[in-house]
Amino acid sequence: MKTSSVIVLWLCSITVTMAQDSFEIDTSQSLLKWKGSNLFKFNEHFGTAKFSSGQILMENDSISGGNFKVDMNTIINTDGKYNEMLVRHLKNEDFFDVKKHPSAYLEIKEVNYIDENQVQINANLTIKSITNPIVYNSAVERQKGKVIMTAKFIIDRTLWNVNYESKSLLNSLKDDTISDAIEFEAMVITDQKK
């Protein structure tokens with residue numbers, strides 16, 4: 001009896017696995033935008049980073065999971081201010097320590113559909129080898145065999161040990177104190193499914 005139960009469970013797992021489809025993302029079209037500012041919003045910087053790989057998992061035509069890898073060496077700022085100095089600073093030990101941690105990762109753990117084109121995502125975000133859970137909403141679109149997901153979310157950078165000029169570590173607030181919040185806007189587009 002026990003053996004037959006194990007076989008049934010194994011067959012069920014095969015069925016679920018076979019129903020799941022993987023869509024690799026098009027890294028040339030997918031993009032991560034970021035924005036940071038000082039605490040009082042007097043000075044803002046924004047820019048982009050590129051995905052190096054990723055996939056969206058589909059089950060019964062619904063998103064069931066996914067994972068994305070960001071190449072931290074591709075960080076640039078696009079606001080035109082202090083470009084070279086700022087990018088160098090973002091990559092050094094004070095911020096993302098890109099030499100030691102060249103990639104950041106997001107893994108989707110749970111997907112809850114709000115409606116046909118909107119989902120709530122529970123995910124793990126790993127930066128500087130530190131993983132924390134995040135929750136955000138994402139729009140989902142299907143276009144000519146492709147899946148497009150767009151999302152905006154905000155993180156508290158200190159949870160990932162990005163502590164430079166954080167208000168939580170300073171004895172007094174200054175005009176140039178950097179906000180702990182980093183805003184992200186992600187767009188991932190899959191390759192067309194053959």
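Each reported figure results from applying straightforward, stated rules to the coordinates on display, with no laboratory input. For clarity, every value in this text was computed on a predicted model and none was experimentally measured. Backbone-built Cβ (ideal geometry, glycine too); neighbour counts: all protein chains shown.
So how far apart, in nm, are the two label points at Leu159 and Thr74 if each is 7 Å from Cα heading toward Cβ?
2.5
Note down the relative contact order for region 46-127 as a percent, whole number, built from C-alpha pairs under 8 angstrom at least six residues apart.
26
Using 1/(1 + (r/R0)^6) with R0 = 45 angstrom and r between the beta carbons of Thr131 and Tyr82, what's the FRET efficiency to the nearest 0.05?
Values: r = 31 Å, r/R0 = 0.68.
Efficiency for this residue pair is about 0.90.
Calculate the FRET efficiency for Asn60 and His89 from the Cβ-Cβ distance with a Förster distance of 45 Å, rounded to the nearest 0.05. Present the calculation step by step, with values, prior to reporting the outcome.
Working: r = 46 Å, r/R0 = 1.03.
For R0 = 45 Å, the calculated efficiency reads 0.45.
For region 64-194, what proportion of DSSP beta bridges, expressed in % and rounded to the nearest 5, is antiparallel?
In region 64-194, approximately 100 percent of DSSP beta bridges are antiparallel ones.
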